[in-house]
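Report on the following structure.
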Amino acid sequence: MSRTRARLAATSAAVVLAVTGMSGAAVADAAPAATAATGSAVVTSSTTFLKDQALNGIVVIPLPTADPAYDSTTGITTTFPVTGGSGDLPAYYGDIDLGGGLLFINLFTGKSATFKQLHFSVGNWQITGVPVGGTSPVALLDPAGDSQVSRANGVQTLTSTDLQVDPAGAQYLDTKLKTSFFKGGQSVGSLAINFTPAS
Amino acid sequence: MRRTMGKLLAVVALAGSLAAATAGPALADPPVLPQPQDIVGVGSHTTGPLFNAFSAAYNSYLTGLGDTTSPRLYSWDSTGPSPITTKAGAPAIVRPYDVGTGLAAFNSVFPAGIDFVRADRGPQGGDPTTDVFVALAKDAVSWTATNGGHAPANLTAAQLRNIYSCTVTNWRQIEPSLANATIKPFLPTAGSGTRSFFLAAIGNPIPGPCVTTGPQENQGTDPVLNDPDVVFPYSVGHYVGQVYYGRATTTDAPGPLTVRNVNGIAPVNTTAQTINAAFAATAFGRVLYDVVRQAEWTATDAHGQALRNVFGNLGWICRNSVATVLIKTHGFLTLPLAACGSSTHS
């Protein structure tokens, strides 16, 4: 049974990477300026979450310019590049704009949801995304667990040992994908952000 | 029988906690000598009253649960008789009167005598990297002036920088229609977090010879501040607590001072009786912290657990509804739940 689950997870991961690599879905990102903000948000999806996803027919695909990688021990690590924003992580205000997007597919129902215009809202501590065809951002993921923030040499960082599905995001995804898989507070993995504001 | 007793304890705990949350100014200093295992703090005046209220409510919460053994929470005011003995077995020390003197005592004297420092600034150069700043709430800092005095309703950050560097010394240099009078900029004590944060927010001027240092932060009752030309930085949250939530005392009050705008943004939302969120989302918004030692914060022993039980993301301050009410009714803004208890260090 555990071997089956592991295979499912590995298959799911492979699908994610393959689809991402072939995806032509272009997500509108802001054109970087010469003095643009830089950095990244790295979301690590744990193997536990990946297994649960696979068993429920859920696939999450990072869209360009997000950069996914898979490790059998740590799970899928997706790097979202910083594209702008004026957030101040140690002061808990502002926003950080992220490139790329997220595609959620329910393989059992064939339903999907795509989010673009990803942000990390520093004031609310949420990763939000705007559904394709919509205008209002949906809170998707919340840092949780042991979180540390810092600022050194102009670079702001946030690391959180846990990353959880936001209740609003869970409700949106469950409705859109016709599943009951997503739950508010569901642990996804972990988060690491580094951000250098534009100068 | 057991269920009835449980309900009774819960009711007692809730009643005690609510009473603590809705009361006026909390008692100053620990009412008993804290024991060695207790969690004892010193430091900033900005969160002094809040921590007095936290202490009363947290200890009441534990008692209400029938818990007679867990470490209790105590906080020493930044004003009052000195020296003080922070807990049983600790040596007497000069009472710390701001975050700077609090950290100095925390890092240099009998370590077990102080378990945390109330900090109204973030880590800065010179702080030991082993000091962990644990986020508690949000505040903001603005400037105040005497009601009916010569100061305008608004100053820009650049004007404040010029005032504190003494390149602008007369109100007429701000606006020709203002009084022809000499501006009297004041700053709180040298180790004040409100002072260092305010100076950083206005561009880090070196205070000039026209600046007077000395008054306790957030206490407009100091007679030297009762002058029509005074400019004095002030915690907006502390001000809101004093003005709108009955947290003022005879000495811990705005006195003749009123809080003024910076860059055209009002610091207080007078309708909601809170810090103006738009003001807090500028360089004048700040985070309030508890400072603990890294080794103790991460320790798996009873002391480490006790610290996390109070200050951690899953601890009482971040998760208990009474603590949330106390933060708001002392004028401060709560952090997003996940951000409360997050840590940083220099």
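The values are calculated or read from the model by the stated rules, or taken from the named source; none is laboratory data. Small disclaimer: the values here were computed from a predicted structure and weren't measured. Methodologically, a virtual Cβ is constructed for each residue, glycine included, from the backbone with ideal geometry; neighbour enumeration extends over all protein chains shown.
Computed values, structure above
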{"quantity": "Residue list for region A:145-165, filter: touching a residue at least 40 places away in the same chain (Cβ under 8 Å), within 10 Å of chain B (Cβ to nearest Cβ) and out of contact with any helix residue (DSSP H, G or I) (no Cβ under 8 Å at 6 or more places or on another chain)", "calculated": "A:145, A:163"}
{"quantity": "Residue ranges of strands (runs of 3 or more DSSP E) in region A:55-142 with at least 2 members within 18 Å of residue A:41 (Cβ to Cβ) and over 16 Å from the mean Cα position of the chain (by Cα)", "calculated": "A:75-85"}
{"quantity": "Test set (1) within 14 Å of another protein chain (Cβ to nearest Cβ); (2) free of Cβ contacts under 8 Å to residues at least 40 places away in the same chain; (3) not acidic (Asp, Glu) - residue A:170 fails condition number", "calculated": "(1)"}
{"quantity": "Residue among B:92, B:105 that alone is surrounded by fewer than 16 Cβ atoms within 10 Å (Cβ to Cβ), in contact with a strand residue (DSSP E or B) (Cβ under 8 Å, 6 or more places away or on another chain) and hydrophobic (A, V, I, L, M, F, W, C)", "calculated": "B:92"}
{"quantity": "Qualifying residue in region A:99-118 (condition: touching a helix residue (DSSP H, G or I) at 6+ places or on another chain (Cβ under 8 Å), surrounded by 18 or more Cβ atoms within 10 Å (Cβ to Cβ) and within 14 Å of chain B (Cβ to nearest Cβ))", "calculated": "no"}
{"quantity": "Positions within region B:108-121 being among the small types (Gly, Ala, Ser), surrounded by fewer than 24 Cβ atoms within 10 Å (Cβ to Cβ) and touching a residue at least 60 places away in the same chain (Cβ under 8 Å), in sequence order", "calculated": "B:112, B:113"}
{"quantity": "Any hit, region B:240-263, residues being within 14 Å of another protein chain (Cβ to nearest Cβ), aromatic (Phe, Trp, Tyr) and in a helix (DSSP H, G or I)", "calculated": "no"}
{"quantity": "Residue that is farthest from residue B:339 (Cα to Cα) [pool: residues in region B:137-160 that are within 14 Å of another protein chain (Cβ to nearest Cβ) and of a type outside the set (A, V, I, L, M, F, W, C)]", "calculated": "B:139"}
{"quantity": "Search result, residues across region B:285-296 that are out of contact with any Phe, Trp or Tyr (no Cβ under 7 Å at 6 or more places or on another chain) and either at positive phi or away from every other protein chain (no Cβ under 13 Å) (or both)", "calculated": "B:293, B:295, B:296"}
{"quantity": "Scope region A:128-144; condition more than 9 Å from every other protein chain (Cβ to nearest Cβ), closer than 19 Å to residue A:185 by Cα and touching a Ser or Thr at 6+ places or on another chain (Cβ under 8 Å); matching residues", "calculated": "A:128, A:137, A:138, A:139, A:140"}
{"quantity": "Unmet criterion (only one of (1) part of a loop (DSSP other than H, G, I, E, B); (2) surrounded by fewer than 22 Cβ atoms within 10 Å (Cβ to Cβ)) for residue B:159", "calculated": "(1)"}
{"quantity": "Test: residue A:190 is at pLDDT 95 or above and within 14 Å of chain B (Cβ to nearest Cβ)", "calculated": "yes"}
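To keep it simple, each residue is scored yes or no on (1) touching a residue at least 12 places away in the same chain (Cβ under 8 Å); (2) of a type in the set (A, V, I, L, M); (3) crowded, with 17+ Cβ neighbours inside 10 Å.
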{"position": "B:230", "(1), (2), (3)": "yes, yes, yes"}
{"position": "B:258", "(1), (2), (3)": "yes, no, yes"}
{"position": "B:261", "(1), (2), (3)": "yes, no, yes"}
{"position": "B:267", "(1), (2), (3)": "yes, no, yes"}
{"position": "B:279", "(1), (2), (3)": "yes, no, yes"}
{"position": "B:292", "(1), (2), (3)": "yes, yes, yes"}
{"position": "B:298", "(1), (2), (3)": "no, no, no"}
